[in-house]
1. Within region 302-349, restricting attention to residues that are surrounded by fewer than 19 Cβ atoms within 10 Å (Cβ to Cβ) and of a type in the set (S, T, N, Q), which residue is nearest to Leu380 (Cα to Cα)?
2. If only one of Arg181, Arg213 is modelled with pLDDT under 65 and more than 27 Å from Ala435 (Cα to Cα), which one is it?
3. Looking at (1) modelled with pLDDT under 85; (2) in contact with a Leu (Cβ under 9 Å, 6 or more places away or on another chain); (3) assigned by TED's automatic domain parsing to the domain that holds Gly371, can you tell me which one Ile416 breaks?
4. Working only within region 484-522, note down all residues that are surrounded by 12 or more Cβ atoms within 10 Å (Cβ to Cβ), of a type in the set (A, V, I, L, M, F, W, C) and farther than 30 Å from Ala421 by Cβ.
5. Give just the number: which of (1) in contact with a strand residue (DSSP E or B) (Cβ under 8 Å, 6 or more places away or on another chain); (2) outside any loop (DSSP other than H, G, I, E, B) does Ala489 not satisfy?
6. Those residues that are at pLDDT 85 or above, over 43 Å from the mean Cα position of the chain (by Cα) and of a type in the set (Gly, Ala, Ser), I need them from region 471-509; list them, please.
7. Give me the pairs, please: first residue somewhere in region 152-177 and of a type outside the set (A, V, I, L, M, F, W, C) and part of a helix (DSSP H, G or I), second residue anywhere and surrounded by 10 or more Cβ atoms within 10 Å (Cβ to Cβ) and modelled with pLDDT of 65 or more, beta-carbon distance under 8 Å, and either six or more positions apart or on two chains.
8. Quick check on Glu284: is it among the charged types (D, E, K, R) and crowded, with 23+ Cβ neighbours inside 10 Å?
Amino acid sequence: MGMTNLTLAAGLADMPPLGWGLIVIALVIGVAIGTMVVRLISGQTLGQAKAKAAQLVSQAETEARNAAEKARLDQDRAILERKEKFEKELETTRNELRETERRLAKREDLVDRKEETVGQKDQQLTRQLEQVKQREERVTQRDAETERILNEQKEKLLKVSGLSVEDAKREVMLRVEQDSRHEVAKVVRKITEEAENDAKNKAREITLMAVQRYANEITSESTVRSVAIPSDDVKGRIIGREGRNIRAIEKATGADIIVDDTPGVIVVSCFDKVRQAIAVESLERLIADGRMHPSRIEEVVDKVKSEINERIMQRGKEAVLEVNLRGVHPKVVEAMGKLSYRTSYGQNVLRHSVEVAFFCQLIAEQLKLDGTIARRCGFLHDIGKAMDQEMEGGHPKIGMDFARQFGEKEPVLNAIGGHHADIPSTSFYTPIVMAADAISSARPGARRESMEKYIQKLNDLQDIAMGFKGVTEAYAIQAGREVRVMIDAARVNDDEAFLIAHDIAKKVSEEMTFPGEIRVTVLRETRAIEFAR
């Protein structure tokens with residue numbers, strides 16, 4: 001290409017001036033033609049552009065008008081919807097206002113009627129108040145008149161009777177007292193009869209059921225107090241040289257050995273039944289063995305003590321198993337075993353405790369209470385008798401303190417301490433134990449009393465009954481289970497007789513100790529006597 005340019009340049013340099021003119025003219029003409037062509041082409045393009053622009057503008061205007069029309073239509077529709085909604089709300093509000101107006105009108109009517117009613121009542125009350133005032137005035141006048149008449153009558157009565165005001169009051173009070181006592185006796189009789197009928201039926205049912213279901217044989221036994229000997233020569237060996245043997249026996253056992261002129265018998269006397277049993281069994285072994293000297297005596301007594309202590313524990317365990325108790329402390333078991341050597345009016349205390357335990361269970365179950373707790377209360381109620389000779393106080397308190405030391409709970413403690421009413425009952429089980437104790441002790445053959453105590457009890461019953469006003473005679477019958485009282489029919493009526501029976505029974509309960517119950521029968525007899533001549 002470089003070579004071409006160089007050749008062209010060389011050619012132009014060699015070209016003549018006319019040629020240059022022609023070239024210039026050609027160039028001018030070419031430029032003119034080119035300019036014309038360009039203008040022609042540019043004119044056509046501009047026209048097309050304007051036409052298209054005009055078309056676009058027209059289209060845009062059309063779309064703008066359509067959009068504006070659509071917006072106007074949407075706005076009109078929204079305005080119409082808001083208008084309809086407003087009109088609905090306005091109609092609802094109008095309805096509510098009309099309902100409110102209707103209610104207000106109704107309330108106004110009610111208020112008007114109430115005001116009218118209140119006005120009428122006010123007028124009526126005013127009239128009634130005036131009437132009451134008038135009546136009050138009349139009553140005041142009548143009271144004054146009555147007071148005047150009463151004073152006049154009182155003065156006349158005092159003049160006629162010759163009594164002072166104090167004497168008249170005393171006579172009136174005496175008459176009121178007599179009338180009141182008569183009425184009280186009637187009420188007491190009626191209430192007591194109803195309560196006794198209901199209570200006796202239920203108590204009889206429960207008691208008979210318990211006695212029939214627990215029919216275990218209990219023998220009333222006395223602790224052995226005498227020892228049989230094969231011959232009177234044995235008495236000399238028991239006494240020993242200068243009394244050494246008998247002193248050794250008494251020292252080792254703590255019991256009194258009585259060797260008297262009674263043939264074939266040696267009497268053992270001791271307050272503690274366990275020591276008495278040790279002494280009796282030791283004597284029996286020494287007599288059977290034939291060897292009698294102080295060292296042998298001590299050896300036999302120690303052996304017997306060990307055996308009896310084991311026997312006490314064994315009997316206690318057997319009794320606990322028999323009544324099916326759990327968690328009983330060994331010391332408590334031992335104390336209950338000692339009761340097998342104790343008697344109360346000839347009744348073995350351990351067997352009595354077992355019997356009371358089962359009675360308590362049966363009664364408690366009939367009353368919908370816990371039979372296990374009741375059985376435990378009944379079994380341990382007399383545990384204080386196992387050590388009451390060693391401690392101060394009665395056996396209920398001693399037993400309660402002893403049982404508390406070994407973890408017994410409150411219902412059991414209260415039953416032990418309160419089964420003779422020494423302390424107030426805090427649970428239902430205490431009166432159950434009291435009832436079961438009475439059932440066990442009061443049945444025929446359970447206890448034996450000395451003749452002196454028996455006679456004394458009968459005399460006490462009769463003396464209590466004779467201490468009441470109107471009683472002429474009193475007799476204790478049925479081994480002290482009943483007292484029959486004769487009263488003066490001229491001084492005591494039927495209702496007062498019933499009240500006297502109630503008072504006698506109450507006083508007997510407060511002043512005497514007895515198992516079971518004592519029946520008080522008051523008899524009032526009216527006799528009409530006439531003679532035919």
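The values are calculated or read from the model by the stated rules, or taken from the named source; none is laboratory data. Note that the coordinates shown come from a computational prediction; the quantities given were computed from them, not determined experimentally. So basically every Cβ, Gly included, is an ideal-geometry build from the backbone, and we count neighbours across all protein chains shown.
1. Checking each candidate, the answer is Asn324.
2. Answer to the check: Arg181.
3. Among (1) modelled with pLDDT under 85; (2) in contact with a Leu (Cβ under 9 Å, 6 or more places away or on another chain); (3) assigned by TED's automatic domain parsing to the domain that holds Gly371, the lone unmet condition for Ile416 is (1).
4. Correct list: Met486, Ala489, Val492.
5. Among (1) in contact with a strand residue (DSSP E or B) (Cβ under 8 Å, 6 or more places away or on another chain); (2) outside any loop (DSSP other than H, G, I, E, B), Ala489 violates only (2).
6. Ala474 - this is the single residue of region 471-509 that is at pLDDT 85 or above, over 43 Å from the mean Cα position of the chain (by Cα) and of a type in the set (Gly, Ala, Ser).
7. Ser161/Ala168
8. no
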